[in-house]
Each structure stands twice: as structure tokens, then as C-alpha cells.
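Nothing in this text is a laboratory measurement; each read-out follows from the coordinates by a stated rule. The structure presented is a predicted model; accordingly, all values stated were derived computationally and were not measured. Cβ atoms come from the backbone with ideal geometry, glycine included; neighbour counts cover every protein chain shown.
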Amino acid sequence: MAMAFGIYPGGILGDDQGIIHPVRPDDPDRINEALDELQGEADTLAVRAYRSFASTVTPPPPTPADPRACLRRGRTLDLVLQFREPSGDLDGWPEFVREAVRTGGPELTSVQICEEPNLDLPAVDGSTPNVLNALVHGVIAAKQEARHVAVGFNAVPSFDPSDTFWSDLGALSDGRFPESLDYVGLDFFPDVFRRVPADRLADAVTAVLTAFRHTCLPQAGIPDTVPIRVCENGWPTGPGRPERQQATTLETVIRTVADLASKLNIDGYSLFALRDADSSAEGLFHHFGLLRDDYTRKPAFATYRQLIGELRGRPIRR
């Protein structure tokens, strides 16, 4: 087995206040041009997309609006199903998950249940009541429906020793939950929200991934045989953040992840994101793209393309 790579190609994203809409609309032709170039000679590239469930309010729009438009040249769909029902009522949620798996088509290769359920911010599911029950029931429902689709969930690192997310998940889940998991994802952004010196970045990445594997997952009863997957990682440009530094930072992170793949059973990496929401904005979250908002390339675009070409064939020995 070899490392798999992916990217989120949409323009909409969330920050610590809510949803950010891109200053320019998605252009499917230019998105596909960029994805084709990134993919290079690789057989596939995972396209990350998001859909939300809510029964009593209007959910956030899916993003990208039409992910299937990106699924050419063997690209596959990595679908995130968010639980955004403000009442926390699970009525209709398992069927929403099953329907998404049933209708996903042959390009659907992975389904992530909930988005960052351990982070209490408006745009992610940790702010939704009853999210732990939604996570457990959603994973089980997806696996019951899935045939050749990897089912998992994701989380963010926690540096709070009093955080009980993982132990609470372990107490809530029965044997069906860990048995239904094909992977557990990690969203992490080293040197973004807490600055890390360049010469210590690889060590910081190693420490976070090692703690996730050996400290967090065992508390929830998730064994080492379930792979870890980096579902979201990126580094924004903007004021005080040079574009060349984005390229060098991402290269350090991705090479470190690949070097740890066999030791920690890591099976994939997905980058956030393809394009800036607004390259002229001052906000940190607007600048995560490998492309500027007008689809012109930053240096990190060529870096990620080169790394996909080099590392996609590296075997993972378990």
C-alpha cells in the first residue's frame, strides 16, 4: 500500500466566526486545469467535498457545489458529512448518511462522518449538540451501507489535559463503532495558530501525530490497526507570511508525515486548500490556497505537485 494524496478544491471555508465565501466564484474549468496539473502522472487524486445535515434549519451549502465535475482522470471523491442540526436531534441523520453512501457512485472512495467534532467553533460540528452520538450512529450507518468505501471521522489536536473528548467517545461507543472504522482523520495546522521555529517544525509534527496515535485513539478504544489520515493541513500566506515560506513549510510537514507513515500507520494526506478565498483580505483564513483567488499559482503549487509525484509510490509497511 502507498500514501494517497488529496486536496479541497472549493472556495467556501469556515473560520472562527463562521462561513467565508470566496471573493470570486468557483470556475470548474480552471479548477480542473489546476487539479490535472497537480495530479501529474499519478493514477488518482482525492477530491475533498463537504455536505451538511440539518432538519430544522437551512444547512450550509455543499462545497464545492458540484464535486463530480472534478472527478476526471481517475480522481476520487472524499466526502465529508457534517452534522449541523442545532437541536441535536438525530432523527433523519442515519438515513442522510446512508443515502449519501448509496448515491455516491463508483468514484466515492471515502466518507468522513462529522467535521472536527472535538472543536467548538461555529463552522464545525463540535459546536453542535449531541455530536458524539451523531458521530457514533453516523459511522455505524455508513459502514452498514458501504461496500468499497472507507468510513472514518476526524478530529483536531487537543493540548488541554482536561479534555475528555476521547474518553467520552470510548465510553459512548459499543464494539460496533471501532469495528466500523477504516480510518481516523487528523486536521492540524502546525505553525499557523501557534508559531513554530522552522528548525523545530518536523519535531512538532512528529509529536502531534505520535500523541494522536498512542495517547488519543486508545482512549476511545481505537486500535493501532485503524490507519490515521491527515484530512486537512495547510499554511496560509498573507501579511508576515511569505509565499515562499508556504512552500517550504508544507514540504517539511508532508515529508515528515510520509516518513512516519509506516511507524504510525498513516495512509493518506489531503491539503487545505487549492485556492484562496480572498487574496487581498487581511484575515488569516482567506489565504490557505496553493493558488491566489484569481487562480494564479503560488510557489507551493509546484511543491505539492512535485511531492505527489515523488511520494505517491512510497510503500507503507505495516
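When you look at R229, is it in contact (Cβ under 8 Å) with a residue 60 or more places away in the chain and over 19 Å from L13 (Cβ atoms), yes or no?
On the way: in contact (Cβ under 8 Å) with a residue 60 or more places away in the chain: yes; over 19 Å from L13 (Cβ atoms): yes.
Considered against the rule, which asks whether it is in contact (Cβ under 8 Å) with a residue 60 or more places away in the chain and over 19 Å from L13 (Cβ atoms), R229 comes out as yes.
Scanning the range 89-115 for residues that are polar (S, T, N, Q) and farther than 15 Å from A49 by Cβ turns up nothing. G238 passes every criterion in (1) more than 20 Å from G309 (Cα to Cα); (2) surrounded by fewer than 19 Cβ atoms within 10 Å (Cβ to Cβ) apart from (2).
Which residues, taken from the range 212-248, are within 16 Å of L264 (Cβ to Cβ) and not in a helix (DSSP H, G or I)?
I222, P223, D224, T225, V226, P227, I228, R229, V230, C231, N233
Residues in the range 168-181: is at least one assigned to a strand (DSSP E or B) and either surrounded by fewer than 19 Cβ atoms within 10 Å (Cβ to Cβ) or touching a Gly at 6+ places or on another chain (Cβ under 9 Å) (or both)? Give the steps one after another, and end with the answer.
The first filter runs over the range 168-181 and keeps only residues assigned to a strand (DSSP E or B), leaving none.
Among the residues of the range 168-181, not one is assigned to a strand (DSSP E or B) and either surrounded by fewer than 19 Cβ atoms within 10 Å (Cβ to Cβ) or touching a Gly at 6+ places or on another chain (Cβ under 9 Å) (or both), which makes the answer no.
Give me the residue from the range 44-63 that is β-branched (V, I, T) and either in a strand (DSSP E or B) or free of Cβ contacts under 8 Å to residues at least 40 places away in the same chain (or both) and, out of that set, surrounded by the most Cβ atoms within 10 Å (Cβ to Cβ). Checking each candidate, the answer is V47.
Name the residues in the range 64-85 that are farther than 18 Å from V97 by Cβ and either in contact (Cβ under 8 Å) with a residue 40 or more places away in the chain or of a type outside the set (K, R) (or both), would you?
Taking the range 64-85 as the starting set, the residues that turn out to be farther than 18 Å from V97 by Cβ are 64-66, 68-76.
Within the range 64-85, P64, A65, D66, A69, C70, L71, R72, G74, R75, T76 meet the criteria.
Just name the residue that is surrounded by the most Cβ atoms within 10 Å (Cβ to Cβ) out of those in the range 182-215 that are of a type in the set (S, T, N, Q) and closer than 16 Å to V230 by Cβ. Step by step, filter the range 182-215, then rank; the result is T206.
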